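Q: Got a structure here, written out as structure tokens. Questions coming.
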Amino acid sequence: MEFLQPATWREALEMKTAQPQALPIAGGTDVLVDLNFDRHRPEVILDLNRVTELSEWQPANGRLRVGAGVSYSRVISELSDRLPGLALASRSVGSPQIRNRGTVGGNLGSASPAGDAHPALLATRASIEVSSVRGSREIPVDEFFLGPKRNALKPDELIAAFWLRPAPGPQQFAKVGTRNAMVIAVCSFGLALDVEQQTVGTGIGSAGPIPLRAGEAERFLAEALADGNHWRSGQPLPQSARERFGELVAQAARPIDDVRGTAAFRRRALAVLARRTFAWAWQEYTAG
Amino acid sequence: MIEARPLPTRQRPVAQSAITGGIGESVKRPEGVLKVSGDFPYSSDLWAEGMLWGSTLRSPHPYARIRAIDTTQAAAMPGVHSVLTHADLPGRKVYGLEIADQPVLAFDCVRYQGEAVALVAAEHPEQARRAAAKVRVDYEVLEPLSDPELAISGEGPSLHEGGNILRRLRIEHGDQNARAEVVVSGEYVIGMQDQAPLGPESGLAVPDGEGGVDLYIATQWLHVDRDQLAAVLALPPERVRLTLAGVGGAFGGREDLSMQAHACLLALRTGRPVKIVYGRQESFVGHVHRHPGRLRYEHGADRNGRLVYVKASIVLDGGAYASSSTAVISNACSFASGPYAVPNATIEGWVVYTNNPPCGAMRGFGSVQNCFAHEAQMDKLAQALGLDPVELRLRNAFQTGDTLVTGQPLEGPIPVAELLQRVLSMPLPETADASRRDLRELPGGVSNTTHGEGVRRGVGYAAGFKNVGYSEGFPDYSTARVTLRVVEGRAQAEVHTASAEVGQGLVTIQGQIAHTELGVSQVVVLNADTRVGSGGSSSASRQTYITGGAVKTACEAVRQRVLEMARSELGDQAGSGENWRLADDSLIDTSGRTVIDLVTLLGDEVVSEEREYRPRPTEPLDERGQGKAHLQLAFAAHRAVVDVDVELGLVHVVELATAQDVGKAINPLAVEGQLEGGAAQGLGLAIMEQVLVKDGKIMNPSFTDYLIPTILDMPPVRMEVLELGDPRSPYGLKGVGEPPAISSGPAVLAAIRAATGREVSHVPVRPDDLLDL
Ligand SMILES: Cc1cc2nc3c(=O)[nH]c(=O)nc-3n(C[C@H](O)[C@H](O)[C@H](O)COP(=O)(O)OP(=O)(O)OC[C@H]3O[C@@H](n4cnc5c(N)ncnc54)[C@H](O)[C@@H]3O)c2cc1C
């Protein structure tokens, strides 16, 4: 097994072009598990840990550019105010050790339907910056996931960063697992209210072959809030509308029965999470 | 006898441990700091010069006939020294704790997914694994028998000679046609639990160059391993020497052989030391599990809440091989009605062969499955009677003089009512305003599923019991050698047994006993090995009792000799030597004056005594399930407080409280550890732990999806420890290790039922069980 250690981003991209089969490694919290289970026998490993650019984040043009190598711990400690949804999702990841090593870029690289960053990124309409020696492109996150553990990267591309607006409103994330920590999501849900544009964003995890958006639920909720003049009045949404929102989220899911839970439970839980996260977000909105 | 060849010190298990306090003191365990700091050498850390690595090819099928095995390609792989199949076995081809029915390497057929078929020894573990994958096995895949009820019915394939019913047991107690005014019934399904020791199976076999072998091994019983190995290797027992290597937890999972025979076979074949270490996935098929079960119960009581009868039918799935199933079903039946006096009972138990993973010993040993059932039944009965659940239990609690359903009379203190009253009267944790609590205190934890919505609190109670020591006439004894001598100017007591320290603190206990019995401040406990007689297994909560008894007896023999030495040396002044005792490294007379210090008295003399300790024998159950089958009974009660998110079916255990009678706490800190650890395992089974098996295949063989409690799932344990003294046991002690794992889970289930108002009958509770889906 060959082990490549580029010192710069440019070098990393060149190596990836020269050897597209090279498997990138960031925190290694997915890669090493795969090696351990003998699911992969990569000939070449491309270690991105020396590429300092990857672990930086900065504001740019009214958005935030967060390097693919920023760990969950740093999202929590440095970005909770600007990216509260992603920070909440990050808090639910693994254990302190995993949060110290694991990165959002790695989560995107693995593209597991259960990845906890995904619902938060979907709800907040993030886009993913991917690069190769040929140049860079931005992929809207809802076009990034192609199938279970498959993403839109070309063989010579690496994930450079993801882009997000500093939260234009309350954001929430909730995940159901049968243990109180260190658990892979049975299902998860991300919600973001955009107060400026008066829109709603959602993300569903672990209840379909890829992380999903609940488009109809988003539109329904945005309309219900607009129709009732709720954004201005701050009045709570009628119970029936809150429940409808939950139902629409549940309907958007495409869950299956597996060892972690049943499809029926996932749908039910998503409806509950959707209602609750909206209630918390709305409470935060009205509290000012 | 050839001495065990010492390994380089770096890899050696702690060769001897110094113990610095006597019984009743919370003496710290000597290996504690090493374990916490990561310096303790576990069996997986063993290393020897020139060592090869062994790997095991396992069956991918739960049931298949083996037509042929071709090892040529594997043998030609780089680094490979040996490839073995059943055809290479020198001795007995099968092994087993009670019935030798499990192939060392499969021949004719495989009966479970993961059964060992071939072995490889190679220079590097990866070479060994790759070569093992190149062994070609021609299987004729057969339809697995995976339903235990089908096994009972006699339909389906017969997996072993004599059919699929491994043991059927019927207990008839009192009037078999008793009727009652109030009757409740229920059916309970218990999932398969894994012992989940943190250290997977591992060990190192070193050939002695003269045809014998030394095995360094993490096990629960060195001698029973040795005897099985001797038969398999076709060697006299004295040429198979075992030394205990660092054990990373056991909980019953190390009672059966795993890699022991395989490593020895490869070592003897290659003439090189061979190490085998399982990974976690292999570990899931490398040891037996707790039996899953289906239990059907009917309880009858009078209007005052007095039990009239219990009828139970208990079906345990033994899986592919016998392991200790026949003893597990005996326990399951003996204690089926719980720690309550029932005048009449009919208990029917089956343990059967299937093509599921083999099941055997796990902490609680048959008393766990039934406790979920009888405690659920008691709550149901209380509800039917309009009685408080604890009150109902108090009215029926066992007392001294009552009998088990097996007819065995209850002797000594039987504090079931007191234990229940104690947990009842402990203060309850306060109900904080759910919406202001830290997420970590709510169901779902940091996953942020509720800020108080849907959260209902419930409180539940359970009592349980089981036997300590072996049952049904199985010979129970332990051996200890105790030596007193002067080392570097100080009197030193050395304790040597073959009893396994599996993390329960046995090394410390042995040292404490010698410390107290011989009054010597410098006590060392030698590493366990087979140079001394059998200590029996570290199981059945028995070691402090039985090996403790052996150490005490050997100490008494040493003390006797020292006193005789003193009397003859000093001349017995008017027979007062009869009352001398040993304390503070000296001989002390009745007035507390030092007669002589031990260093002076002993000089160059080495006083060494080996003794066996045998508690009173037990007897087999007869055809009506009657007999004094059990040695000592240990009781505990638990109270659980849970918060359930009733919309999501998620559970947070807020607190566990327990009261347990330990007879005498030899080491109070160790007792505390057992009460907490056992409760954690009970909680795990109650709400998350289950080996999921589908058509004979394990669906979740890793810690990714076999979930065990984390620190955020395990609440603080409030405890009261009673020391009521058993008149028959050494120091009055009772076995401690298992009762905490018995009633803890059922208390959690009771609390969940109280919170949700639902009849939950599946263990572990799944979210779906708490919702109408
Ligand atoms: C004990 C444990 C608990 C866990 N708990 C959770 C959890 O609760 N929630 C959750 O979502 N995940 C969890 N995970 C999975 C894992 O931690 C996450 O997916 C994490 O985000 C992976 O990040 P990493 O930096 O470690 O990625 P790596 O393991 O280094 O890489 C993951 C994948 O991404 C690719 N990759 C990494 N960086 C790049 C890049 N810049 N460009 C292109 N490809 C790249 C790699 O090639 C690989 O395919 C857990 C893992 C463990 C071991």
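Q: I'd like to know if the range A:94-103 contains one or more residues that are without any contact (Cβ under 8 Å) to a residue 60 or more places away in the chain, under 27 Å from residue A:180 (Cα atoms) and of a type outside the set (S, T, N, Q).
A: yes
Q: Moving to a separate point now. Only one residue in B:599, B:595, B:644, B:607 is open to solvent by less than 10 Å² (accessible area, probe 1.4 Å), more than 30 Å from residue B:170 (Cα to Cα) and not assigned by TED's automatic domain parsing to the domain that holds residue B:408. Which one?
A: B:607
Q: Taking residue B:179 as the residue in question, decide whether it is within 30 Å of residue B:749 (Cβ to Cβ) and either of a type outside the set (Asp, Glu) or not in a loop (DSSP other than H, G, I, E, B) (or both). Step through it out loud before you land on a result.
A: Details: within 30 Å of residue B:749 (Cβ to Cβ): yes; either of a type outside the set (Asp, Glu) or not in a loop (DSSP other than H, G, I, E, B) (or both): yes.
Criteria met by residue B:179.
Q: Also: Just to be sure I understand, how many residues within the range A:128-142 are of a type in the set (Ser, Thr, Tyr) and open to solvent by less than 30 Å² (accessible area, probe 1.4 Å)? Walk me through it before giving the result.
A: Applying the first criterion (of a type in the set (Ser, Thr, Tyr)) to the range A:128-142 yields A:131-132, A:136.
If we keep only those that are open to solvent by less than 30 Å² (accessible area, probe 1.4 Å) as well, we get A:131-132.
Going through the range A:128-142 one residue at a time, the tally reaches 2.
Q: Also, quick follow-up: Considering only residues that are among the β-branched types (Val, Ile, Thr) and part of a strand (DSSP E or B), look in the range B:717-745 and name the one that is nearest to the other protein chains (Cβ to nearest Cβ).
A: It comes out as B:717.
Q: Hey, can you tell me all the residues within the range B:293-314 that are under 20 Å from residue B:358 (Cα atoms) and surrounded by 24 or more Cβ atoms within 10 Å (Cβ to Cβ)?
A: If the condition is that a residue be under 20 Å from residue B:358 (Cα atoms) and surrounded by 24 or more Cβ atoms within 10 Å (Cβ to Cβ), then B:293, B:295, B:314 are the ones that fit.
Q: In addition: Taking the condition touching a helix residue (DSSP H, G or I) at 6+ places or on another chain (Cβ under 7 Å) and more than 7 Å from the ligand (Cβ to nearest atom), does residue A:44 pass?
A: No; evaluated as a whole, the condition is false for this residue.
Q: How many of the residues making up the range B:418-467 are in a helix (DSSP H, G or I), open to solvent by 10 Å² or more (accessible area, probe 1.4 Å) and either within 12 Å of chain A (Cβ to nearest Cβ) or in contact (Cβ under 8 Å) with a residue 24 or more places away in the chain (or both)?
A: Residues flagged as in a helix (DSSP H, G or I), open to solvent by 10 Å² or more (accessible area, probe 1.4 Å) and either within 12 Å of chain A (Cβ to nearest Cβ) or in contact (Cβ under 8 Å) with a residue 24 or more places away in the chain (or both) within the range B:418-467 amount to 10.
Q: Filtering the range A:251-266 down to residues that are surrounded by fewer than 22 Cβ atoms within 10 Å (Cβ to Cβ) and part of a helix (DSSP H, G or I), which residue is nearest to the other protein chains (Cβ to nearest Cβ)?
A: So the residue we want is A:264.
Q: While we're on this one: Take the conditions free of Cβ contacts under 8 Å to residues at least 40 places away in the same chain, open to solvent by 10 Å² or more (accessible area, probe 1.4 Å), in the same structural domain as residue B:410 (by TED's automatic domain parsing) and outside any loop (DSSP other than H, G, I, E, B) and apply them to residue B:380. Does it pass?
A: no
Q: Here's a follow-up. Please find, within the range B:704-716, the residue that is least open to solvent (accessible area, probe 1.4 Å) out of those that are more than 9 Å from chain A (Cβ to nearest Cβ) and within 21 Å of the chain's Cα centre (by Cα). Outline the logic, then answer.
A: Looking only at the range B:704-716, we keep the residues that are more than 9 Å from chain A (Cβ to nearest Cβ), and these are B:706, B:714-716.
Retained after the next criterion (residues that are within 21 Å of the chain's Cα centre (by Cα)): B:706, B:714.
Working: B:706: 1, B:714: 40 Å².
Among residues in the range B:704-716 that are more than 9 Å from chain A (Cβ to nearest Cβ) and within 21 Å of the chain's Cα centre (by Cα), the one least open to solvent (accessible area, probe 1.4 Å) is B:706.
Q: Does residue B:645 fit the bill of being within 14 Å of chain A (Cβ to nearest Cβ) and either basic (Lys, Arg) or in contact with a strand residue (DSSP E or B) (Cβ under 6 Å, 6 or more places away or on another chain) (or both)?
A: Taking the combined requirement at face value, the residue satisfies it.
Q: Further question on the same structure: Does the range A:115-126 contain at least one residue that is outside any helix (DSSP H, G or I), within 25 Å of residue B:766 (Cβ to Cβ), at pLDDT 95 or above and within 13 Å of the ligand (Cβ to nearest atom)?
A: Yes: the range A:115-126 contains one or more residues that are outside any helix (DSSP H, G or I), within 25 Å of residue B:766 (Cβ to Cβ), at pLDDT 95 or above and within 13 Å of the ligand (Cβ to nearest atom).
Q: Go through the range A:58-72 and give me each residue that's surrounded by fewer than 19 Cβ atoms within 10 Å (Cβ to Cβ) and not in a loop (DSSP other than H, G, I, E, B). It would help to see each step written out before you state the result.
A: From the range A:58-72, those surrounded by fewer than 19 Cβ atoms within 10 Å (Cβ to Cβ) are A:58-63, A:65; that's our starting set.
Across the range A:58-72, the qualifying residues are A:58, A:59, A:60, A:63, A:65.
Q: Which number in (1) open to solvent by less than 30 Å² (accessible area, probe 1.4 Å); (2) assigned by TED's automatic domain parsing to the domain that holds residue B:278; (3) in contact with a helix residue (DSSP H, G or I) (Cβ under 6 Å, 6 or more places away or on another chain) marks the one condition that residue B:92 misses?
A: All conditions pass for residue B:92, except number (1).
Q: Hey, another quick one. If a residue counts only when it is touching a residue at least 60 places away in the same chain (Cβ under 8 Å) and more than 14 Å from every other protein chain (Cβ to nearest Cβ), which strands (runs of 3 or more DSSP E) contained entirely in the range A:152-250 have at least 3 such residues?
A: Result: A:158-164, A:199-205.
Q: Something else: Would you point out the residue of the range A:52-80, among those that are in contact (Cβ under 8 Å) with a residue 24 or more places away in the chain and out of contact with any strand residue (DSSP E or B) (no Cβ under 9 Å at 6 or more places or on another chain), that is farthest from the ligand (Cβ to nearest atom)?
A: A:62
Q: Quick one: in the range A:81-114, which of the residues that are open to solvent by 20 Å² or more (accessible area, probe 1.4 Å) and closer than 19 Å to residue A:192 by Cα is farthest from the ligand (Cβ to nearest atom)?
A: Filtering the range A:81-114 for residues that are open to solvent by 20 Å² or more (accessible area, probe 1.4 Å) and closer than 19 Å to residue A:192 by Cα, the one farthest from the ligand (Cβ to nearest atom) comes out as A:81.
Q: Further, regarding this structure: Being of a type in the set (A, V, I, L, M) and near the ligand (Cβ under 9 Å from one of its atoms) is the filter; apply it to the range A:23-41 and report the residue that is surrounded by the fewest Cβ atoms within 10 Å (Cβ to Cβ). Walk me through it before giving the result.
A: Taking the range A:23-41 and keeping what is of a type in the set (A, V, I, L, M), we get A:23, A:25-26, A:31-33, A:35.
Narrowing the set further to residues that are near the ligand (Cβ under 9 Å from one of its atoms) leaves A:23, A:25-26, A:31-33.
Values: A:23: 19, A:25: 21, A:26: 28, A:31: 20, A:32: 12, A:33: 14.
If we take residues in the range A:23-41 being of a type in the set (A, V, I, L, M) and near the ligand (Cβ under 9 Å from one of its atoms), then A:32 is surrounded by the fewest Cβ atoms within 10 Å (Cβ to Cβ).
Q: Is it the case that some residue within the range B:571-582 is among the hydrophobic types (A, V, I, L, M, F, W, C), more than 35 Å from the chain's Cα centre (by Cα) and at pLDDT 95 or above?
A: Checking the range B:571-582: at least one residue is among the hydrophobic types (A, V, I, L, M, F, W, C), more than 35 Å from the chain's Cα centre (by Cα) and at pLDDT 95 or above.
Q: Still on this structure: Looking only at the range B:749-769, how many residues end up being more than 14 Å from chain A (Cβ to nearest Cβ) and within 23 Å of the chain's Cα centre (by Cα)? So that I can check it myself, show each step before the final result.
A: Initially, the range B:749-769 is screened for residues more than 14 Å from chain A (Cβ to nearest Cβ), giving B:749-751, B:753-761.
Now restrict to residues that are within 23 Å of the chain's Cα centre (by Cα): B:749.
Count: 1.
Q: Let me ask something additional. Here's a check for you: in the range B:331-358, which residue that is among the small types (Gly, Ala, Ser) and outside any strand (DSSP E or B) is most open to solvent (accessible area, probe 1.4 Å)?
A: Just the residues of the range B:331-358 that are among the small types (Gly, Ala, Ser), to begin with: B:332, B:334, B:336-338, B:341, B:345, B:349.
Right, trim to outside any strand (DSSP E or B) and you get B:332, B:334, B:336-338, B:341.
Working: B:332: 2, B:334: 2, B:336: 0, B:337: 5, B:338: 1, B:341: 30 Å².
Within the range B:331-358, the match that is most open to solvent (accessible area, probe 1.4 Å) is B:341.
The values are calculated or read from the model by the stated rules, or taken from the named source; none is laboratory data. Not measured: the values here are computed from a predicted model. Note that we place each Cβ from the backbone using ideal geometry, even for glycine, and neighbour counts take in every protein chain shown. SASA here: full protein model, heavy atoms, side chains in, ligands and nucleic acids out. Shrake-Rupley method; radii C 1.70, N 1.55, O 1.52, S 1.80 Å.
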